[in-house]
1. Considering only residues that are assigned to a strand (DSSP E or B) and either under 19 Å from the mean Cα position of the chain (by Cα) or modelled with pLDDT under 95 (or both), look in segment 206-218 and name the one that is surrounded by the fewest Cβ atoms within 10 Å (Cβ to Cβ).
2. For Asp105, indicate whether it is more than 10 Å from the chain's Cα centre (by Cα) and free of Cβ contacts under 8 Å to residues at least 12 places away in the same chain.
3. Would you tally the residues in segment 119-129 being more than 11 Å from the chain's Cα centre (by Cα) and buried (at least 20 other Cβ atoms within 10 Å of the Cβ)?
4. So if I check each of Pro68, Pro10, Pro14, Pro56, which one is under 12 Å from Cys98 (Cα atoms) and exposed (fewer than 15 other Cβ atoms within 10 Å of the Cβ)?
5. Looking only at segment 97-118, which residues are farther than 20 Å from Asp161 by Cβ, of a type in the set (A, V, I, L, M, F, W, C) and buried (at least 18 other Cβ atoms within 10 Å of the Cβ)?
6. Select from segment 105-161 the residues that are of a type outside the set (Gly, Ala, Ser), part of a loop (DSSP other than H, G, I, E, B) and in contact with a strand residue (DSSP E or B) (Cβ under 8 Å, 6 or more places away or on another chain) and list them in ascending order.
7. Applying the selection to segment 15-34, what residues are among the aliphatic types (A, V, I, L, M) and under 16 Å from Thr81 (Cβ atoms)?
Amino acid sequence: MIVAVIAGGPDIDPRVAFDVAQGSDLVICADSGADIALKAGLKIDKVVGDLDSISPEASRYLEEHKIPVEVFPVQKDMTDTELVLRSLSHDDEIRLICSMAGRPDHMMTNILLAVKLKSEGYDITMTDGVSDVIPLSGPDSIRLEGLSSEGTLNISLIPLDFASDVTGVTTKGLFYELSDATLHAGSSFSVSNSLKDGCDSFEIEIGSGRMAVIITPL
């Protein structure tokens with residue numbers, strides 16, 4: 001099942017939410033993510049959270065249309081976004097739509113959470129409509145194709161585990177190629193790569209470790 005999870009936060013274009021959510025089987029919103037979904041014209045299947053940031057207009061809409069709402073206390077041990085993600089199945093394909101602007105604590109937490117969930121066997125990617133984040137947990141690999149229309153892409157490989165290096169990193173189609181490399185958290189060595197001239201696809205393979213591949217058009 002494909003599940004679009006829409007989190008609240010600034011700078012999420014409703015058109016992006018609509019595009020990413022297309023083809024999904026469920027649309028679940030974390031708190032004020034419901035406002036974004038409604039502006040996008042999406043059918044909301046469920047809302048989860050403490051409802052401390054959702055607009056009165058969205059709250060009325062949920063009530064009038066009898067959309068299921070799972071309410072949690074404001075004082076809790078997880079963010080609204082994690083509550084949604086933890087309620088999903090390992091069999092789901094999760095598309096997390098969330099802000100990468102605004103609060104840096106939420107942005108960092110969401111990236112780390114996506115990588116953690118990937119290491120637990122979840123199928124998850126995240127985007128804010130500008131940057132795409134693809135978590136990897138070794139052994140793992142990705143291949144992205146048909147990128148020529150995207151223009152210049154900035155492709156960064158960010159290790160996220162200080163206790164364990166990312167090993168066996170091999171890339172194809174990138175300007176700075178890696179072959180069985182080891183990447184360390186806290187190093188900028190693998191930041192700001194790009195497609196090799198003439199390539200419209202790239203591959204990344206890792207043997208072990210956890211990292212995020214972050215792709216941003218320039």
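1. Let us first name the residues in segment 206-218 that are assigned to a strand (DSSP E or B), namely 206, 208, 210-217.
Now narrow it down to the ones that are either under 19 Å from the mean Cα position of the chain (by Cα) or modelled with pLDDT under 95 (or both): 210-217.
Details: Arg210: 23, Met211: 27, Ala212: 19, Val213: 21, Ile214: 18, Ile215: 19, Thr216: 16, Pro217: 12.
Per the criteria, the residue is Pro217.
2. Details: more than 10 Å from the chain's Cα centre (by Cα): yes; free of Cβ contacts under 8 Å to residues at least 12 places away in the same chain: yes.
Considered against the rule, which asks whether it is more than 10 Å from the chain's Cα centre (by Cα) and free of Cβ contacts under 8 Å to residues at least 12 places away in the same chain, Asp105 comes out as yes.
3. Keep residues of segment 119-129 that are more than 11 Å from the chain's Cα centre (by Cα), which gives 119-122.
This time we only want the ones that are buried (at least 20 other Cβ atoms within 10 Å of the Cβ), so: 122.
So the answer is 1.
4. Details: Pro68 fails: under 12 Å from Cys98 (Cα atoms); Pro14 fails: exposed (fewer than 15 other Cβ atoms within 10 Å of the Cβ); Pro56 fails: under 12 Å from Cys98 (Cα atoms).
From the options Pro68, Pro10, Pro14, Pro56, the qualifying one is Pro10.
5. Scanning segment 97-118 gives Ile97, Cys98, Met100.
6. Keep residues of segment 105-161 that are of a type outside the set (Gly, Ala, Ser), which gives 105-113, 115-118, 120, 122-128, 130, 132-136, 139-140, 142-145, 147, 150, 152-155, 157-161.
Those still in the list that are part of a loop (DSSP other than H, G, I, E, B) too: 120, 122, 128, 130, 139, 145, 147, 152, 160-161.
Listed by number, the residues that qualify are Tyr122, Asp128, Val130, Pro139, Leu147, Thr152, Leu160, Asp161.
7. Filtering segment 15-34 down to residues among the aliphatic types (A, V, I, L, M) leaves 16-17, 20-21, 26-28, 30, 34.
Correct list: Ala17, Val20, Ala21, Leu26, Val27, Ile28, Ala30, Ala34.
The values are calculated or read from the model by the stated rules, or taken from the named source; none is laboratory data. This one's a predicted model, so the numbers in the text were calculated from it and none came from an experiment. Neighbour counts are summed over all protein chains in view; Cβ atoms, including those assigned to glycine, are modelled from backbone coordinates with ideal geometry.
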